[in-house]
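The structure appears below as structure tokens.
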Amino acid sequence: MGGLVLLFWLSAPALVPPAIEAAAPHYAAEWPDGARLSADTIEGWHGSDARPTLAGRALLDLARPAHWLRNNRADAASSPATFVELQGGDSLPGNVVGFRAGGDAPYDQLPPHLLVEPRVAIDLPGMPPRATIRVAVEHLRRVVWKSRPGLHDQPGTLFYRGDRRQAFRAIRWSDTGVRLLTENGSLAVPIADIAEIHLPRSDSWETHLRRLAVLAPVGATNLVRLSTPDGLRLTTSLERLQTRAIGETADPDHAFQAVQPVWSLDTFFVKQSQIREWQFFPSNQLPLTWIDPVASTHRAALSSGWQHWRLDANVHGDRLAAAGEAFGWGFGVHASHELQFVLPAVAKSFRSRLALDKAAGEGGCARGQVFLSSAPHRPLFESDLLIGSKRVLNTGPLALPRSTSEPLRLVLVADAAAKDRPSSADPLDIRDVFDWLEPCLELQSAELQLTVDRRAASAIAALQDWSLDGDHGIDWRLVNLFDQRDHERPAFRLAILPLNGPLTLSRRLHVEAGRESLAVLIGRREKLATPSDVEVRVNGIRVDTVAVPIWTEIGPRRPLLVKLDGYAGRDLEIELEIRPTDVRSYVEWQGAALMPPPAAAAAQR
């Protein structure tokens with residue numbers, strides 16, 4: 001809300017005339033060139049082909065989008081009591097209530113996923129409310145049923161609701177609890193006994209490549225992360241973000257952003273006026289906060305209570321801020337502290353800002369240093385000494401060499417300058433609250449795309465056991481489609497588009513007696529995709545050619561059935577050749593399975 005705020009106060013013995021203070025502009029944004037603009041409205045952010053601007057400048061330019069966009073009138077962020085945290089930093093406030101190993105049928109192959117009751121609004125007005133959101137377990141980082149204040153990240157640990165904890169190597173989910181693989185064997189734990197589960201750490205870089213394969217399969221888009229005051233944090237791309245207006249399109253209270261991150265099988269509808277902050281990244285940029293440190297070392301004398309680093313917060317857990325400005329992402333530490341990160345081979349350069357956090361006030365003393373593991377005693381960058389939270393320094397782009405042997409490590413050091421601390425500074429390190437602000441890696445675009453292309457097929461769970469006869473980006477490509485006519489589960493879905501004529505999917509199957517029917521769930525969205533045919537071959541011999549079925553929002557999706565009578569006990573080479581008609585012949589592949597003839601007949605009905 002715009003307008004004026006009138007402030008009145010009494011000063012003895014007379015009434016002082018009122019002072020007038022203008023309200024802050026509704027929105028503010030920063031761009032890579034350092035420009036900061038603000039305005040009361042965002043122009044043009046409605047419709048499926050939105051091109052939003054703030055104060056006349058484009059927010060979503062593909063080459064140089066805004067760093068961030070902030071809603072100055074959103075409520076302050078709060079920490080949810082129950083939530084699911086994902087690899088890379090996303091978070092869903094909610095309560096885990098169940099688990100599903102896959103889809104509703106053997107030929108409907110979905111990744112294993114948790115059922116989460118969201119504690120935030122996720123539906124459009126008038127839309128049938130969804131009781132749960134489906135969250136793929138492969139992306140989990142932490143699951144919290146009862147938050148324990150002050151508990152730091154401890155990968156591979158289950159925390160009971162009492163004081164006990166249990167280390168584990170692997171985990172298996174069920175509808176009622178988990179089964180852990182521990183040093184002493186297998187252990188079952190019901191959900192009712194669990195406060196938190198911290199999953200074993202996975203390869204952050206590999207996770208990011210899988211994220212890109214879904215959100216930006218051909219790279220020509222921006223990644224977007226948005227957050228709300230109630231703890232919801234979602235990372236998506238412009239391919240998986242659309243604005244839906246209910247009523248007046250210019251009113252942010254009537255605008256909703258349809259967003260689907262890689263870890264969710266469902267789309268979130270988030271009211272635009274409730275979004276606290278957006279962050280934007282070209283697909284060849286990687287915020288360092290999306291990569292887990294592989295080592296963290298604290299060497300301060302009097303600050304052992306702050307020996308753990310913080311993600312997107314200062315070491316006390318408050319928002320990153322310095323020199324009167326707030327920042328979008330980063331690491332909070334207490335000097336002296338060292339963080340190490342394994343660099344991907346395609347890393348081209350690194351940049352970051354750095355400062356003593358506002359919590360240091362006018363005290364504290366530290367410098368920032370950046371090293372590479374290949375030259376541990378020669379800093380790639382070293383800042384001046386910082387005293388007090390008055391200045392924000394910038395490393396500028398630091399070129400990163402290519403490693404010909406083992407991967408390089410990037411080392412960020414917040415140095416308390418114990419040996420050359422000036423006499424004017426605090427004699428002790430108590431206020432050395434240090435922030436790495438908006439650290440980011442720039443990646444080699446062409447090499448990154450080749451790396452993503454090699455993972456494209458794995459982005460669709462149902463393609464796990466199938467081979468495609470060609471290369472992603474040359475012979476076929478993945479396309480994100482959104483069809484909100486699926487009223488119960490509207491979602492962005494990955495479709496396959498053949499680029500150079502027919503595309504063949506193949507796999508080898510052993511046909512067991514009594515399972516001589518192959519159910520294939522393949523289809524196209526009405527009005528979104530043009531017709532395609534699929535030719536079925538068994539051991540190189542054509543069995544049938546049929547039109548790819550049309551999927552609508554009404555009724556279940558029926559599989560195609562391939563009869564394999566007479567093949568029981570044999571190994572078969574199954575080939576499905578998809579024949580497109582034009583550049584919009586997208587097909588969706590949900591999976592295939594051998595089934596008994598009676599079950600196959602029921603599926604056909």
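Laboratory data are not the source of any read-out in this text; all were calculated from the coordinates shown. It should be emphasised that the depicted structure is a prediction, and the values quoted were computed from it without experimental measurement. In this analysis, Cβ positions are derived from the backbone assuming ideal geometry, glycine residues included, and neighbour counts consider all displayed protein chains.
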Quiz prompt | 19 Å Cα-Cα reach of LYS358 towards aspartates and glutamates, excluding residues that sit fewer than 8 places from it in its own chain | solution = ASP312, ASP318, GLU325, ASP384, ASP415, ASP426, ASP429, ASP432, ASP435, GLU438
Quiz item: If R0 is 51 Å, what FRET efficiency do you get for SER174 and ARG319 from their C-beta distance, rounded to 0.05?
Solution: 0.85
Practice problem: Quick one: net charge around LYS146, please, counting Lys, Arg +1 and Asp, Glu -1 for every other residue with C-beta under 10 Å from its C-beta. | Solution: +1
Exercise. Add +1 for every Lys or Arg and -1 for every Asp or Glu among the other residues with Cβ under 11 Å from the Cβ of VAL214, and state the total.
Key: +4
Quiz item: By counting other Cβ atoms within 10 Å of each Cβ, how are MET127, MET595 ranked from fewest to most?
Solution: MET127, MET595
Quiz item: Any idea what log10 I(q)/I(0) is at q = 0.07, 0.09 Å⁻¹ for the chain, Debye with uniform C-alpha scatterers and no solvent?
Solution: -0.50, -0.82
Self-check item: Relative contact order [Cα under 8 Å, 6+ residues apart], the chain, whole percent
Solution: 11 percent
Quiz item: What FRET efficiency comes out for the pair GLU362/LEU187, r = Cβ-Cβ distance, R0 = 45 Å, nearest 0.05?
Solution: 0.30
Quiz item: Taking other Cβ within 10 Å of each residue's Cβ, how do THR157, THR207 sort, fewest first?
Solution: THR157, THR207
Quiz item: Hey, rough spin-label estimate for ASP465 and ARG558, points 7 angstrom out along Cα→Cβ, what's it come to in nanometres?
Solution: 2.5 nm
Exercise. Could you line up CYS365, CYS440 from fewest to most neighbouring Cβ atoms inside 10 Å?
Key: CYS440, CYS365
Practice problem: Starting at the first residue of the stretch 523-528, write each ³J(HN,Hα) from the Karplus equation 6.51 cos²θ - 1.76 cosθ + 1.60 with θ = phi - 60°, in whole Hz, x for Gly and Pro. | Solution: x, 9, 7, 4, 6, 9
Quiz prompt | Anchor LYS527: aspartates and glutamates whose Cα lies under 18 Å away (excluding residues fewer than 8 positions away in-chain) | solution = ASP49, ASP483, ASP486, GLU553, ASP582, GLU588
